[in-house]
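The values are calculated or read from the model by the stated rules, or taken from the named source; none is laboratory data. Computed from a predicted model, the values in this text were never measured in an experiment. Positions of Cβ are backbone-derived with ideal geometry, glycine not excepted, and every protein chain shown enters the neighbour counts. The protein model used for the area step is the full one, side chains on, heavy atoms only, and it has no ligands, DNA or RNA in it. Shrake-Rupley method; radii C 1.70, N 1.55, O 1.52, S 1.80 Å.
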Amino acid sequence: MMLRGATAIFWRDLIVLRRSLLSELLAVVASPLTLYLAFGFGLKGYISSVDGVPYAIFIAPGLISMTAVLAAFEEGAWSMWFHRRVQKTIEEYRVTPITVYDIVVGKLFSGFFQGGIKGVAVAIIIFILTPFRFPLAHLFIYLLFIGLGAMIFSCLGTICGTLMDKPEALGRIQTVVIMPLIFMSGIFFPLSSYPPAVLPYIRLLPTTALFEGARLALLSGRGGILPLAILTVTAPIMFALAVVVFNKKIEE
Amino acid sequence: MPSALSLQGLTKRYGTLTAVDRFSLEVERGTVFGLLGPNGAGKTTLIKMLTTTMRPTEGDAYIEGRSVVSAGRRVRELIGVVPQENNLDRYLTARENLVLHARMHGIPSRDYVRSIDELLELTGLAGRRNDFPDTFSGGMQRRLVVARALVHKPRLLFLDEPTTGLDPQSRRALWEHIRTLRSEMTIFLTTHYMDEADSLCDRIVIMDHGKALVDGSATELKSQFAPPHIYELEVKRDAERYEELFRALPVVTSLERDKEAFRIVLKDEESLKLLLDSIRSGDIRKICTVEPSLEQVFLDLTGKAVRE
Ligand SMILES: Nc1ncnc2c1ncn2[C@@H]1O[C@H](COP(=O)(O)OP(=O)(O)O)[C@@H](O)[C@H]1O
Ligand SMILES: [Mg+2]
């Protein structure tokens, strides 16, 4: 059967996730919710709207996307690192008749899935706090963005978890590269705040395409083509990169 | 019919260090094969190449006629692997560890449910099937790793230092288990315990610095390489004077002293009389012959320097 190994790995991750689901959800919802309360409500009196959108609603889609892609990244990175360096279970996987693709795809599924349920958890809470309306078709495109984003970040996580041998290094990548990339791409402020000279480059970042595009798609249903195209190109490139990097590293 | 295992000039270099050096070998089906060597001899590197987790720098090896270089996936269907370090999944229960392995081998659940229960029974882990490996003793963890390697009924089982770090009871229990497997599969194990090799293996190769030094059954190696006329002798007094005296005797080929106790290798049986004649009557506390041991063969071949 094709992808037998990938489904086996995904099955394993589901069992493990099921055991700790509640505490994981609590932990993962905490930080975007804090940001939402601090900025969305705390600054309510100071920022009334951005581009005609109430601020709390302006930041909501980005916080949901951020939760999803961060969860995907962390799952990819830490689980790859853990299986490779701590438990050495990757060695066990590699003496069974599954392929390198199976391992990377299996981890991709897991990251994708984790991103999905954690994003939904945050979304539900935000929607309870701030009811806002949008057409169902917008939600569909928004999910497309999140799906591609989770895929890209899951692969990125896999690559980091494959290359880094030390846990500190992984933590550092997250604070020095991943978080700035996410914050730079206009979750909390409109991209028009950037100086005009910088803006074109910022727009080329896949993270900008992801967060800015996802918000526009959800709130207005406009301007989704270019960012979607950028993400659609980035996703398979990241996947190929993840496979190549992983393959190279484990062959020593 | 291809042999169970065939190595042809298998070589692995780490930079300038040659860990396995043009290793060639044929192992027949149904053999319990023991690879002996001190730390750093290259045993683990060799097993990693044979189990397809490491690519040889040169040469190739064939498992039941399939190349580890070009038919890795097919090879992995045929082999079971017990690595030097336990690599159990600590977030899965004992039983789930086995189920995951079965799924990776594409075994349908109707087939693995029974065989996994049997394996847990056989390894004495049935009562702990739903516990996490973290809570197991070293011996139990090792047995679980062995059980996992058997889930898909491999034709060839690789065990890298299966009993290192276990207490004597656990070691013997594991030996018993390995013995029961020999009728069903070829077994390739590495060890630096001589008693393990002596009691388990039909055939032994001693390796060091990436090369095979000798090859044969335990009995063959002992009779071929261990000097047959070894005696232990203890004197009551004047040990230092006796040492000088014995060293001067031409029939003594080798001599070690630890306080009053000597370990003496003689040229032949007749030499014993000459040796005894040189000792004053009443000075002997004890004298006995020493059975040649595999350990002696091993030390003679690989030297006594401690390996890191
Ligand atoms: N990944 C590696 N990189 C560099 N050198 C290694 C690596 N693995 C093992 N070695 C070296 O290769 C030699 C053989 O090691 P190994 O196969 O582990 O021996 P054994 O299992 O017999 O103790 C040793 O000198 C060891 O230091
Ligand atoms: Mg070793």
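Taking residue B:73, is it surrounded by fewer than 21 Cβ atoms within 10 Å (Cβ to Cβ) and at the interface with chain A (Cβ under 8 Å from one of its Cβ atoms)? So residue B:73 passes the test. Per this entry, residue B:291 is counted among residues that are at pLDDT below 85 and either assigned to a loop (DSSP other than H, G, I, E, B) or surrounded by 10 or more Cβ atoms within 10 Å (Cβ to Cβ) (or both). Taking residues in the stretch B:84-111 that are more than 7 Å from chain A (Cβ to nearest Cβ) and within 16 Å of ligand 2 (Cβ to nearest atom), and partners anywhere that are open to solvent by less than 60 Å² (accessible area, probe 1.4 Å) and small (Gly, Ala, Ser), the pairs with Cβ atoms closer than 9 Å and at least 6 places apart or on different chains are B:86/B:138. Looking only at the stretch B:147-169, which residues are within 12 Å of residue B:78 (Cα to Cα), buried (at least 18 other Cβ atoms within 10 Å of the Cβ) and away from ligand 2 (no atom under 16 Å from the Cβ)? Once the filter is applied, which keeps residues that are within 12 Å of residue B:78 (Cα to Cα), buried (at least 18 other Cβ atoms within 10 Å of the Cβ) and away from ligand 2 (no atom under 16 Å from the Cβ), the stretch B:147-169 yields B:149, B:150, B:151, B:152, B:154, B:156, B:157. Of everything in the stretch B:76-91 that's assigned to a loop (DSSP other than H, G, I, E, B) and more than 16 Å from ligand 1 (Cβ to nearest atom), which residue is farthest from residue B:40 (Cα to Cα)? That would be B:91. Considering the stretch B:170-217, and only residues there that are open to solvent by 20 Å² or more (accessible area, probe 1.4 Å) and among the aliphatic types (A, V, I, L, M), the residue that is farthest from residue B:301 (Cα to Cα) turns out to be B:173. Scanning the stretch B:1-32 for residues that are more than 13 Å from ligand 1 (Cβ to nearest atom) and not aliphatic (A, V, I, L, M) gives B:2, B:3, B:6, B:8, B:9, B:22, B:24, B:26, B:28, B:29, B:30, B:31. The numbered conditions (1) more than 16 Å from residue A:79 (Cα to Cα); (2) part of a helix (DSSP H, G or I); (3) open to solvent by 10 Å² or more (accessible area, probe 1.4 Å) are all true for residue A:145 except (3).
Yes/no matrix, rows are residues, columns are (1) surrounded by 17 or more Cβ atoms within 10 Å (Cβ to Cβ); (2) touching a strand residue (DSSP E or B) at 6+ places or on another chain (Cβ under 7 Å); (3) within 14 Å of chain B (Cβ to nearest Cβ); (4) closer than 26 Å to residue A:21 by Cα:
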{"position": "A:99", "(1), (2), (3), (4)": "yes, no, yes, no"}
{"position": "A:110", "(1), (2), (3), (4)": "yes, no, yes, yes"}
{"position": "A:113", "(1), (2), (3), (4)": "yes, no, no, yes"}
{"position": "A:119", "(1), (2), (3), (4)": "yes, no, no, yes"}
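For the residues B:188, B:246, the requirement of being modelled with pLDDT of 90 or more and either assigned by TED's automatic domain parsing to the domain that holds residue B:29 or more than 16 Å from ligand 1 (Cβ to nearest atom) (or both) singles out B:188. If you go through the stretch A:11-26 and keep only what is at the interface with chain B (Cβ under 10 Å from one of its Cβ atoms) and open to solvent by 40 Å² or more (accessible area, probe 1.4 Å), you end up with A:11, A:19.
Matching residues to (1) more than 30 Å from residue B:24 (Cα to Cα); (2) under 28 Å from the mean Cα position of the chain (by Cα):
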site: B:208; (1), (2): no, yes
site: B:213; (1), (2): no, yes
site: B:232; (1), (2): yes, yes
site: B:236; (1), (2): yes, no
site: B:256; (1), (2): yes, yes
site: B:267; (1), (2): yes, no
site: B:281; (1), (2): yes, no
site: B:291; (1), (2): yes, yes
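The helices (runs of 4 or more DSSP H) falling completely within the stretch B:128-209 that include 3 or more residues that are basic (Lys, Arg) and over 19 Å from residue B:91 (Cα atoms) map to B:168-181.
Each row is one residue, and each column tells you yes or no for (1) modelled with pLDDT under 90; (2) over 15 Å from residue B:33 (Cα atoms); (3) more than 16 Å from ligand 1 (Cβ to nearest atom); (4) within 13 Å of chain A (Cβ to nearest Cβ).
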| residue | (1), (2), (3), (4) |
| --- | --- |
| B:139 | no, yes, yes, no |
| B:148 | no, yes, yes, yes |
| B:154 | no, yes, yes, yes |
| B:157 | no, no, yes, yes |
| B:162 | no, no, no, no |
| B:172 | no, yes, yes, no |
| B:178 | no, no, yes, no |
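Condition check for residue B:203 on (1) within 16 Å of ligand 1 (Cβ to nearest atom); (2) away from chain A (no Cβ under 14 Å); (3) under 14 Å from the mean Cα position of the chain (by Cα); (4) in contact (Cβ under 8 Å) with a residue 60 or more places away in the chain: one failure, at (1).
In the stretch B:33-75, the qualifying residues are those that are among the hydrophobic types (A, V, I, L, M, F, W, C) and assigned to a strand (DSSP E or B), and the one that is farthest from ligand 1 (Cβ to nearest atom) is B:63. With A:64, A:90, A:59 as the choices, which residue is within 13 Å of chain B (Cβ to nearest Cβ) and either closer than 26 Å to residue A:170 by Cβ or open to solvent by less than 10 Å² (accessible area, probe 1.4 Å) (or both)? Residue meeting the stated conditions: A:90. The residue that is farthest from the other protein chains (Cβ to nearest Cβ), among those in the stretch B:15-47 that are within 14 Å of ligand 2 (Cβ to nearest atom) and open to solvent by 60 Å² or more (accessible area, probe 1.4 Å), is B:39. Could you tell me whether any residue of the stretch B:25-32 is small (Gly, Ala, Ser), touching a strand residue (DSSP E or B) at 6+ places or on another chain (Cβ under 8 Å) and outside any loop (DSSP other than H, G, I, E, B)? No, the stretch B:25-32 contains no residue that is small (Gly, Ala, Ser), touching a strand residue (DSSP E or B) at 6+ places or on another chain (Cβ under 8 Å) and outside any loop (DSSP other than H, G, I, E, B). For the stretch B:112-124, the count of residues that are more than 26 Å from residue A:18 (Cα to Cα), more than 9 Å from every other protein chain (Cβ to nearest Cβ) and within 16 Å of ligand 2 (Cβ to nearest atom) is zero.
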